[in-house]
Amino acid sequence: MSFTLGSSIIFSLTTTQLTFDSTVITRYGNQQGAAKGYNPRKPGRNSHHPLLAFVSDCRMIANCWLRPGNTGASSNFLSFLKIHFISLVIKKQV
C-alpha cells in the first residue's frame with residue numbers, strides 16, 4: 001500500500017486506487033447539520049464539509065460522510081478510512 005499527501009490522499013491497493021478528499025458545500029437557509037465554518041466562496045454562510053472516497057479507476061464515489069461546515073478537513077479521517085477498509089474487506093470475502 002502506498003500513499004501520497006497533497007490536496008488529496010491517494011492509497012494504492014493491489015488492483016484499485018482510492019482517492020480521499022473533502023470539499024465545502026454552501027447551504028442557504030437552515031438545513032440540518034449545516035454550520036458556519038471555513039467557506040472560501042461565501043465566508044460566514046452555513047455549509048457542509050463532506051469527506052469523500054473515490055474509486056479512481058472508474059470515477060465513482062465509494063463512500064461519503066456529510067459533516068457540518070465547522071469541521072476541519074482531516075477531522076475523523078482515520079475513522080472514515082477504517083470503516084471504508086472494513087467494508088472493502090467484507091465485500092471482498094463475499
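The values are calculated or read from the model by the stated rules, or taken from the named source; none is laboratory data. Fair warning: this is a prediction, and the values are worked out from it, not measured in the lab. Glycine gets a Cβ as well: all are built from the backbone with ideal geometry, and neighbour counts include every protein chain shown. All accessible areas refer to the heavy atoms of the entire protein, side chains included, with ligands and DNA or RNA removed. Shrake-Rupley method; radii C 1.70, N 1.55, O 1.52, S 1.80 Å.
Annotations
- Order by protection proxy (mean Cβ within 10 Å, highest first), peptides 27-36, 65-74: 65-74, 27-36
- Heavy-atom accessible area for Ser75, with the other protein chains in place and a 1.4 Å probe, reaches approximately 40 Å².
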